[in-house]
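Student: Submitted below is the structure of interest, expressed as structure tokens.
The values are calculated or read from the model by the stated rules, or taken from the named source; none is laboratory data. This is a predicted model, so every value here is computed, not measured. Heads up, the Cβs are rebuilt from the backbone with ideal geometry, glycines too, and the neighbour counts pull from every protein chain shown. With ligands, DNA and RNA removed, areas are computed over all heavy atoms of the protein, side chains included. Shrake-Rupley method; radii C 1.70, N 1.55, O 1.52, S 1.80 Å.
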Amino acid sequence: MERKKVLVSDAIRQGRARLLAAGVDSPWLDSEILLSEAMGWTREDLLAENKQEIPHEVAPIWEGYLLRRERREPIDRILGWRAFRHFRFRVVPGVFSPRPETEELVQRAIPKVPDKGVVLDLCCAGGCVGISLAYETEARVVMVDCDNLAVQHAKEEVARLIPEYGVKVLQSDLYNEVSGIFDVITANPPYIGEEEKESLPPEVALFDPPLALFAPDEPLSVAQCIVSDAPLHLREGGWLLMEVGFFLGEEALTLFGKGWSRARLRKPWGSPDHYPYLVVEAQWTGT
């Protein structure tokens, strides 16, 4: 029996319809991304060659990708990578994947890193923040996470992407196993309350590790611990920068008391007034 021919344009439309029915937010875009990955093409190739037939050997790969996305597995976990600043970071099960909004944390930290500076990156997950800072500032970076799986993955990413930069990766519950004084401390701590779990999209609730998502007790409880002990590890004049939830910015500012100055909220340059603040930063003066 002759196999039915399926054109690229038809496959995209069929994929879009299936993903739309599954509740995916961006069905057309996701259909194009997954088909281009299955074909080994760019999305531009899909548009230029949309009347080409889908090769026989590609069809089962494409179907497998669609089935996974219909189950709401995120695109980056299907592809196995996520672009973040200058690198493609590998995305593996059980480790929090890089997010585009976290690039703002890196962007805000870069000008605060002095020449030959030393940076501590807490809650590092797969290492996208610490690796990016080491590469872009040539600072000496120590990355920390409490989860063994995240630590092992971060070590592998350091060895794969910037082995010559001397980045250290430690397993530690925040500062417990950390020694030394740093110029800058960055962190992307868990800041979602357990009561919010039911409202999370399946892409997050079903596929991200709970340890990286949910803060114990209160949404800012981990952030509070980071701020409280930061003075023991920051030089005078050093900076602490943390990613915070979209609606936690003003509350996060209250974490900084005596000895802290220039506490403020940050969002991407040029973003509209209604855009949420993503990063809180403050300078430790000790007075």
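Student: State whether the residues of the stretch 29-43 include one that is at pLDDT 90 or above, open to solvent by 60 Å² or more (accessible area, probe 1.4 Å) and within 14 Å of the chain's Cα centre (by Cα).
Tutor: Scanning the stretch 29-43, I find no residue that is at pLDDT 90 or above, open to solvent by 60 Å² or more (accessible area, probe 1.4 Å) and within 14 Å of the chain's Cα centre (by Cα), so the answer is no.
Student: Hand me the list of strands (runs of 3 or more DSSP E) wholly inside the stretch 120-209 holding 2 or more residues that are touching a residue at least 40 places away in the same chain (Cβ under 8 Å).
Tutor: Details: elements: 140-145, 168-171, 182-187.
Because the criterion is at least 2 residues that are touching a residue at least 40 places away in the same chain (Cβ under 8 Å), the strands (runs of 3 or more DSSP E) in the stretch 120-209 that meet it are 182-187.
Student: All but one of (1) under 21 Å from GLU281 (Cα atoms); (2) of a type in the set (Asp, Glu); (3) over 18 Å from the mean Cα position of the chain (by Cα) hold for ASP145, so report the exception by its number.
Tutor: (3)
Student: Next question, about the same structure. Count, please, the residues in the stretch 86-98 that happen to be surrounded by 18 or more Cβ atoms within 10 Å (Cβ to Cβ) and either out of contact with any Phe, Trp or Tyr (no Cβ under 7 Å at 6 or more places or on another chain) or closer than 13 Å to VAL141 by Cα (or both).
Tutor: 4
Student: Let me ask something else about it. Which of (1) surrounded by fewer than 23 Cβ atoms within 10 Å (Cβ to Cβ); (2) more than 13 Å from the chain's Cα centre (by Cα); (3) assigned to a helix (DSSP H, G or I); (4) not hydroxyl-bearing (Ser, Thr, Tyr) is the odd one out, the single condition LYS116 does not satisfy?
Tutor: Going through (1) surrounded by fewer than 23 Cβ atoms within 10 Å (Cβ to Cβ); (2) more than 13 Å from the chain's Cα centre (by Cα); (3) assigned to a helix (DSSP H, G or I); (4) not hydroxyl-bearing (Ser, Thr, Tyr) one by one, LYS116 breaks only (3).
Student: A further question on this structure: Given GLU251, GLU198, GLU236, which one is open to solvent by 40 Å² or more (accessible area, probe 1.4 Å), modelled with pLDDT of 90 or more and either within 26 Å of GLY117 (Cβ to Cβ) or acidic (Asp, Glu) (or both)?
Tutor: Answer to the selection: GLU236.
Student: Testing LYS51 on (1) open to solvent by less than 40 Å² (accessible area, probe 1.4 Å); (2) assigned to a loop (DSSP other than H, G, I, E, B), one condition comes back false. Which one is that?
Tutor: (1) is the only condition that LYS51 fails.
Student: Same structure again: How many residues, within the stretch 190-212, are within 15 Å of SER97 (Cα to Cα), touching an Asp or Glu at 6+ places or on another chain (Cβ under 9 Å) and of a type in the set (A, V, I, L, M, F, W, C)?
Tutor: Count: 5.
Student: Go over the candidates LYS112, LYS116 one by one and state the one that is closer than 30 Å to GLU236 by Cβ, in contact with a strand residue (DSSP E or B) (Cβ under 9 Å, 6 or more places away or on another chain) and free of Cβ contacts under 8 Å to residues at least 40 places away in the same chain. Let's see the steps before the verdict.
Tutor: Values: LYS112 fails: free of Cβ contacts under 8 Å to residues at least 40 places away in the same chain.
Only one candidate passes the filter, namely LYS116.
Student: So, one more: Would you confirm whether any residue within the stretch 125-146 is open to solvent by 70 Å² or more (accessible area, probe 1.4 Å) and at positive phi?
Tutor: Step one: list which residues in the stretch 125-146 are open to solvent by 70 Å² or more (accessible area, probe 1.4 Å), which gives 135, 138, 140.
Now narrow it down to the ones that are at positive phi: 138.
Yes, the stretch 125-146 contains at least one residue that is open to solvent by 70 Å² or more (accessible area, probe 1.4 Å) and at positive phi.
Student: Within the stretch 210-251, count every residue that is part of a helix (DSSP H, G or I) and not acidic (Asp, Glu). Before the answer, list the steps.
Tutor: First pass over the stretch 210-251, keeping only residues part of a helix (DSSP H, G or I): 210-213, 221-232, 249-251.
Next, from what is left, pick out any that are not acidic (Asp, Glu): 210-213, 221-228, 230-232, 249.
Summing the residues that are part of a helix (DSSP H, G or I) and not acidic (Asp, Glu) in the stretch 210-251 gives 16.
Student: Next question. Exactly one condition in (1) assigned to a loop (DSSP other than H, G, I, E, B); (2) aromatic (Phe, Trp, Tyr); (3) open to solvent by less than 40 Å² (accessible area, probe 1.4 Å) is not met by TRP62; state its number.
Tutor: (1)
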